[in-house]
Amino acid sequence: MPKVTAKDTKKSKGVSEAAKKRAKKDPNKPKRALSAYMFFVQDYRERIKAENPDATFGDVGKLLGIKWKEMNAAEKKPYEDKAQADKKRADRENAVYKADGKAAKKSKVVVEEDDDDDEDDE
């Protein structure tokens, strides 16, 4: 009896088709907001790497996670403030981005409708 591989199943076939249909990412889309933990990681990664020069990338990540869990609320506060400010920035940029996108789509529709009206008048 022949073996059934992942290539032969419908599920894997659908996944590959979906991956091909993925839309291109818009380079103008604003960056997402960083979390408090990510601000902490940006700040502490070099310190952890200096303290543990032979640590792998995964080990550094684990050490950062342990350090974050050990921190109290007062120590996390500056990172949480940065995260809040970054969230406001991201929300503001997203609102502008979405408003510009809708305005561009509406103007395209209006132009297309105007072209259709000109053809009917002739």
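The values are calculated or read from the model by the stated rules, or taken from the named source; none is laboratory data. From a predicted model like this one, the values you see are computed outputs, not experimental measurements. Counting neighbours? That spans all protein chains shown, and the Cβs are built from the backbone with ideal geometry, glycine included.
Laid out as a table, the results:
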item	result
Looking only at the range 50-66, and only at residues there that are in contact with a helix residue (DSSP H, G or I) (Cβ under 9 Å, 6 or more places away or on another chain), aliphatic (A, V, I, L, M) and assigned to a helix (DSSP H, G or I), the one that is nearest to Ala36 (Cα to Cα)	Leu64
Test: Ala6 is at pLDDT below 85 and in contact with a Ser or Thr (Cβ under 6 Å, 6 or more places away or on another chain)	yes
Check on Asp121, loosely packed, with under 11 Cβ neighbours inside 10 Å and modelled with pLDDT under 85	yes
Matching entry among Ala18, Ala74 (being closer than 30 Å to Glu93 by Cα, among the small types (Gly, Ala, Ser), in a helix (DSSP H, G or I) and at pLDDT 95 or above)	Ala74
Close pairs from the range 62-89: first surrounded by 16 or more Cβ atoms within 10 Å (Cβ to Cβ), partner not in a helix (DSSP H, G or I), Cβ under 6 Å, at least 6 apart	Ala83/Ser35; Asp86/Ala33; Asp86/Leu34
